[in-house]
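Worksheet: the structure to be examined is printed underneath.
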Amino acid sequence: MRVLAALSGGVDSAVAAARAVDAGHDVVAVHLALASTAPSAVPGRARGCCTVEDSRDARRAADVIGVPFYVWDLSERFGRDVVDDFVAEYAAGRTPNPCVRCNQKVKFAALADRALALGFDAVATGHYARLADGPGTTTGGRELHRSHDLGKDQSYVLAVLPPERLATALFPLGDAADKDEVRAEAAARGLGVADKPDSTDICFVPDGDTRAWLGSRLSGAGSEAGDVVDASGAVVGAHDGAAGYTVGQRRGLRLGTPAPDGKPRYVLSVSVAERRVVVGSAEDLDVDVLTGDGAVWCGPAPEVGARLGAQVRAHGRELACSVERADGGELRVRLDEPARGVAPGQLLALYDGTRVVGSATLSSAVRAERATLRA
């Protein structure tokens, strides 16, 4: 096959490209320029994935592997579909995962569409996930599964890919035992990125200060001061912009009134329109009914009553659940045990064993018994 290998400048994508060559594919490497002005690495911190240094590392890796190398400018698409979306979601009081949007809109949409138009058969990336043939899919006969290295598994951020996208994807690292194996292989191949640190989750916030980064870009109600209140509505503090807060957050709360029980308080919900942040105890964060919209199925949608596993964070643990609804783009599940700190905007991914069933973006997360009492 003719394969376009996406080289981020890191060790994973470099080894993935080399493995694609070993498999006999005709490989061409491409590095994505995702920032209109590529930042430099921040000293003392793990780098993002679109710095000038990353581009150079990707070029050197392609030279060692012995494949043609190009740089494609997808900064406009990345800015619109990932960065602007990130800001808009926080402005609406939700907590997005930019890696999910990047995979969905850039790597396996903009990049894949361009690759297919140029005559490539597949796009290879350094994601830790596995593809397998099976009856659970409808187009392309592909199933998406967790990687063998569960500690590095990235199937969660790929759960937004429908069957037609999986049909043209390659994940050569899915069978790797662990990251140490990949680094050792990179060193054996003479790749200079063998010991390169992993990138930060939010590559366009290279210094890691997401709150400050958002503060410089938000306007309107999201950046205006307001009240921090408890569940009863009593004012217990103040904030300088509701959009900078997320469910489950503890640090950064300016509370003038101590909790009656003396326990720490956490963000329970955020209302940007009302400039209000609601706080409560850790126990108040527990939820067991999760509802999402924009559902994407990697194969057939699950039936009501299906017993599956649910994951709501990139490296969170899998939670047993029952499907209560899976139609019309809406997904609702009930967890066997409450989860803590689940926020609207996060991705809810469903698993059947190691197989990814599908995903939806969370619109609400509530505790059933509390909702019943309020009703």
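Which of the strands (runs of 3 or more DSSP E) found entirely inside the range 305-372 contain at least 1 residues meeting this: in contact with a strand residue (DSSP E or B) (Cβ under 8 Å, 6 or more places away or on another chain) and among the basic types (Lys, Arg)?
Result: 307-311, 319-327, 330-340, 355-366.
Residues in the range 209-240 that are surrounded by 15 or more Cβ atoms within 10 Å (Cβ to Cβ) and small (Gly, Ala, Ser): 215, 221, 222, 223, 226, 237.
Highlighted here are the helices (runs of 4 or more DSSP H) found entirely within the range 110-193 that include at least 1 residues which are in the same structural domain as residue 9 (by TED's automatic domain parsing) and at pLDDT 95 or above: 111-117, 179-188.
Residues in the range 268-288 that are over 21 Å from residue 96 (Cβ atoms) and assigned to a strand (DSSP E or B): 279, 280, 286, 288.
Would the range 306-315 turn up any residue that is touching a residue at least 60 places away in the same chain (Cβ under 8 Å), among the small types (Gly, Ala, Ser) and not assigned by TED's automatic domain parsing to the domain that holds residue 92? Looking through the range 306-315, at least one residue is touching a residue at least 60 places away in the same chain (Cβ under 8 Å), among the small types (Gly, Ala, Ser) and not assigned by TED's automatic domain parsing to the domain that holds residue 92. Just one residue in the set 228, 236 is at pLDDT 85 or above and either part of a loop (DSSP other than H, G, I, E, B) or touching an Asp or Glu at 6+ places or on another chain (Cβ under 6 Å) (or both); that residue is 236. Residues in the range 156-165 that are surrounded by 23 or more Cβ atoms within 10 Å (Cβ to Cβ) and touching a Ser or Thr at 6+ places or on another chain (Cβ under 7 Å): 159, 160.
Just one of the numbered conditions (1) assigned to a loop (DSSP other than H, G, I, E, B); (2) under 26 Å from the mean Cα position of the chain (by Cα); (3) among the hydroxyl-bearing types (Ser, Thr, Tyr) is not true of residue 291: (1).
The values are calculated or read from the model by the stated rules, or taken from the named source; none is laboratory data. Since this is a predicted model, take the numbers as computed values, not measurements. Cβ coordinates were reconstructed from backbone atoms using ideal geometry, including for glycine residues, and neighbour counts include every protein chain displayed.
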